[in-house]
1. Would you check which residues across segment 46-58 are free of Cβ contacts under 8 Å to residues at least 24 places away in the same chain and either in a loop (DSSP other than H, G, I, E, B) or touching a strand residue (DSSP E or B) at 6+ places or on another chain (Cβ under 9 Å) (or both) and list them?
2. Pick out the one residue from 77, 40 that is assigned to a loop (DSSP other than H, G, I, E, B), under 14 Å from the mean Cα position of the chain (by Cα) and over 24 Å from residue 185 (Cβ atoms).
3. Have a look at 92, 22, 113 and point out the one that is closer than 23 Å to residue 139 by Cβ and touching a strand residue (DSSP E or B) at 6+ places or on another chain (Cβ under 7 Å).
4. Out of 26, 84, report the one residue that is within 15 Å of residue 124 (Cα to Cα), surrounded by 14 or more Cβ atoms within 10 Å (Cβ to Cβ) and touching a residue at least 40 places away in the same chain (Cβ under 8 Å).
5. In this structure, does residue 39 turn out to be closer than 24 Å to residue 98 by Cβ and at pLDDT below 95?
6. Quick one: would you say residue 71 is surrounded by fewer than 23 Cβ atoms within 10 Å (Cβ to Cβ), closer than 21 Å to residue 22 by Cα and at pLDDT 95 or above?
């Protein structure tokens, strides 16, 4: 089944630990989850495998041309930018680095289109250095989505969540296990209830 809802997660330094906390507490969701982690080629497969060992949903490296499916987790491979065509098809490109990184969270998030009625787009920014993802959450907010950032206390490095928060486009701030709870809540309620508080 093609994904109706998309959760896009941006993360960098301290990411594997934050992702483990997030996915250990997360039941299967009615959404496709796309992780954009700042990793070099070669590390991506190992991280996908370690997440698959504890996640309740299948975890795979995203492949060029494949279509997203609900109830699956896709990790952007190192050395490529990931974009989504029509909010459903993965496109991998080897273009220049953005925000000094590849894959870039901003590139992935800014490729999202305004969702159809009752479809949900959720952006999540976890621990990391720099500001990658800040423009992405601004874009997600502009197309009617909801954004969640990791809190300072649980972040290894608070650069990316702080930069996202500074845009004024973040709706919720939580540690990873509470982010899991909020995702369940957001994806089980009606789309018109996706408002920050």
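The values are calculated or read from the model by the stated rules, or taken from the named source; none is laboratory data. Please read these numbers as outputs of a predicted model, since none were measured by experiment. Here the Cβ is made from the backbone with ideal geometry for all residues, glycine too, and neighbour counts use every protein chain on show.
1. 49, 52, 53, 58
2. From the options 77, 40, the qualifying one is 77.
3. Of the residues listed, the single one that is closer than 23 Å to residue 139 by Cβ and touching a strand residue (DSSP E or B) at 6+ places or on another chain (Cβ under 7 Å) is 92.
4. Details: 84 fails: within 15 Å of residue 124 (Cα to Cα).
26 is the lone residue from the list that is within 15 Å of residue 124 (Cα to Cα), surrounded by 14 or more Cβ atoms within 10 Å (Cβ to Cβ) and touching a residue at least 40 places away in the same chain (Cβ under 8 Å).
5. Answer is yes for this residue.
6. When the stated conditions are applied, residue 71 passes them.
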